[in-house]
Structures are given as C-alpha cells and as structure tokens.
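Working notes, structure below.
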Amino acid sequence: MKLFYLPVLFISLFSCQKYETEKNCFEGEKEKSTKYKEFKIDSPEEIIKANPDHVKFITNKDIKSYQDEFNDERNIALDDENSWKKKFEKYKTKYSSLIKNFGEQFNYINIQEKNNIIYGIGENQFGYWFLEVKNNISSAYYLGLSKFTHFNDKQPENFIKNNKLFAYGSFIRISESWGYPFGPPIEAVKDQLTFEIDLNTVRKDSDNDRFNDLFEKLILLNPNSADTDNDGIQDFTDVNPLYKSEKSKFTDLYSQVIDDEYQSYNFSKNNYSFTGYFSDCDYFQKMNPANVKVLIYPEKERYNLKSDYKLNMFPEYFGKIKKDKNVNKFYINYGSGAGGGFIEVDFKKGKWVLIKKSTYVI
C-alpha cells in the first residue's frame, strides 16, 4: 500500500505547487485588483509607546526644535552652487575616516575618535545606526530608532560615554497623506530631546552574522541564524537573504528586471542597504540580482512590517507576468511614485530581451 500511495502523494504535492506558482506568478483571466488600505496617521501616543526600552530621553530646551531644523535645511536648499561645494568638501573632510570604511552607505551625522577607535552615527533608509571602527574592522549597529526619529544636525561632541550613546533630536510623524512629487509633511510629536541609548542592547548579535538583533528583527531576518534562508550564504553578504535563490527561466527574468532598474549602480556590496518588494510569486522571491540587495516579502506582510514608513525601501512595484499569444512574449506591469507602465519581454535564443514602456507619469 505504501508503494502505491507515495507516488500519488508526490504527484498531488507537485500539482499543488505548480498551481500555486501559476496563480501567484501569472495573470489570470479574472485577475482581482489589489486592495490597499487607506494611509493611517500615527498618533503621538503610538509613536512614543513604540520607543524601544533601551532608549531613554529627556527634554532639553537648549537644543534646536524640529521646526528650526527644517527651516535651516530649507535655507540650505536655496544656497548657490559654491556654497554647496564648500559644505560638501567640509562634510567629506570631517567624515573621511567613516567614508573610507563604510563608503556612501550612510549619511554621516557625528564622529568621535577615542583610543584609536572611531565612533560614528549614520542614517540610511531604515533609520539611525551606531558605527564603530576598531582594529581595522568596521561594524554598524542599527539603533532601533527608525524614521519616527529625527537627529539634529548639531550633535554632542563627545557622544559615547560609559557604553552609552547620546544624541539630540525629536520624535516626528507624517502629519497627513501626500502625493508625488512632494514629500510628506512632517511634524514633531515630542520635541527638543536628548536621547540616551544603551549600547549593550544595540551591539547584541545573537548569531554573530554582523547584523545586530535589532536590525534583523526589523527586516524579518532570523536573529538566531546567520543564514536565514539556509542557502549556505550568510545574511550579511546574501543579496536575497529571505529566500534561497534558484536559477530558472523566470527567476532569471525577474533578476534581469530588477538589475535593469539598478544598471548604473552596484549596490550588491552595500551590506546595510536593501531595496524591498512584495510578492507571492516563487520566481520573484527566488531571484538572484547582481546589482542590488533585495528583501522580498509575501503580500500578507505589506501592512505587518514593524518598520513604519520606509519611504525609500519600496521604490517600485512589479506585477505578475501576463502571457501573450506568442509563447515567447510576456508583459509585466510596473509602477512607482513617479508613474508606471509595462515591460515587454521576449525570450530569444535562451535570453530575455526587455523593453520598458511608460504609459503614465505623475
């Protein structure tokens, strides 16, 4: 009996997987439109409550308010080209040692050198990071403070004391919905603060993979496994750490679609930056791009990620594959804050040929 049922079970599982792949990756005749939730403004109480336990703060009326910081940035934007060049050269000189070790993965906010150790604060798409260069080894630790936090331009000179990090800033929020090309209006919900951050919690890296636990929990990697997708590549260097990559006709297609978006860059070596996508398609999830690191989440995670409004995290949407009467031709819809259209793809002599066509601009 076992010999009879095992092949039937295998065929059933294979057929089910094939059906799910077809449903999730290719457009059907009666494709349901995706329902998006309305934009929700976070209350000040929700933002303060979300502040992690390892971060303490007190009011400090001696530092600039968020509105004053915003006005200063607006005035800088009006400066002439020579002023911009001087500011940029001053920035490069001040943060040269951090730039040497971390490149352009962060916007640098503060630096301190003590006992041959370089400390820094950097910001990227996920929020704020503690940077450290010790014995020629560079490490970056996510602080657990996301885009709900603003760090001021002027920071305390000696910001590392007794294994604590001190910073000046505010808690902020998007105050209303917005549209392209203008960014969202932002306001302070608790202003003029001195933050005190426990670095013991920040440095904790349970699996020793060079991503601290706070960061792995944020982006849904496994903080207790150095190789979340079990593909033999550590999360720190894996270009697609949430899914084990596979090489096939349609995984190659999606890899090429994403690489074409970043053809002028090589972000794959930037350990601390990713671009994100939502997809239930196996082919999309198991891609292996060459130019950028990706985080791919199932559609159900679209509103469950505990990472607030990562404005630069999900720059573009790519849809399911639409089949053409020509068995070697397909179409993929795309959209972003700037517009959208479709990509016409042809499979010729074992290679994909892509033509991106814009149909609307915002």
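Some points to look at:
- For residue 100, the lysines whose Cα comes closer than 16 Å to its Cα, not counting residues fewer than 8 places off in the same chain, are 90, 92, 134, 269.
- Spread of Cα-to-Cα distances over 5 Å intervals beginning at zero, given as percent, for region 235-291: 4, 20, 30, 28, 15, 2
- Residue 104/residue 324 FRET efficiency (R0 41 Å; Cβ-Cβ; nearest 0.05): 0.50
- Remark: region 134-145, residue by residue, has Karplus-estimated 3J(HN,Hα) of 9, 6, 6, 10, 9, 9, 10, 10, 5, 7, x, 10 Hz, where x stands for each Gly or Pro and the curve is 6.51 cos²θ - 1.76 cosθ + 1.60 at θ = phi - 60°.
- Residues whose amide H lies under 5 Å from that of residue 189, counting only those 5 or more places away or on a different chain, are 171, 172, 173; hydrogens are built 1.01 Å from N in the peptide plane.
- Calculated from backbone phi, Karplus (6.51, -1.76, 1.60) coupling profile of region 195-204 in Hz, x at Gly/Pro: 8, 10, 10, 6, 7, 4, 5, 4, 6, 4
- Set of region 278-296 residues, backbone N closer than 13 Å to the point 7 Å along the Cα-Cβ line of residue 21: 281-287
- Entry comment: accessible area of region 99-254 is 46 Å² per residue, from protein heavy atoms only and a probe of 1.4 Å.
- Helix 2-25 vs. the chain, principal-axis angle (Cα, 0 to 90°, nearest 10): 60
- With respect to the chain, whose longest principal axis is taken over its alpha-carbon atoms, helix 66-77 is tilted by about 80°.
- Vicinal HN-Hα couplings computed from phi for region 313-326 (Karplus, 6.51 cos²θ - 1.76 cosθ + 1.60; Hz; Gly/Pro x): 7, 10, x, 8, 10, 10, x, 6, 8, 9, 7, 10, 4, 6
- Shape summary of region 102-160, radius of gyration then Dmax from alpha carbon positions: 11.3, 33 Å.
- Relative contact order (percent, whole number), the chain, Cα cutoff 8 Å, 6+ residue spacing: 14
- Of all accessible heavy-atom area on the chain, the percent that carbon and sulfur account for (1.4 Å): 51
The values are calculated or read from the model by the stated rules, or taken from the named source; none is laboratory data. Note that this is a predicted model, so its numbers are computed, not measured. So basically every Cβ, Gly included, is an ideal-geometry build from the backbone, and we count neighbours across all protein chains shown. Areas reflect the complete protein model, heavy atoms only, side chains present, ligands, DNA and RNA absent. Shrake-Rupley method; radii C 1.70, N 1.55, O 1.52, S 1.80 Å.
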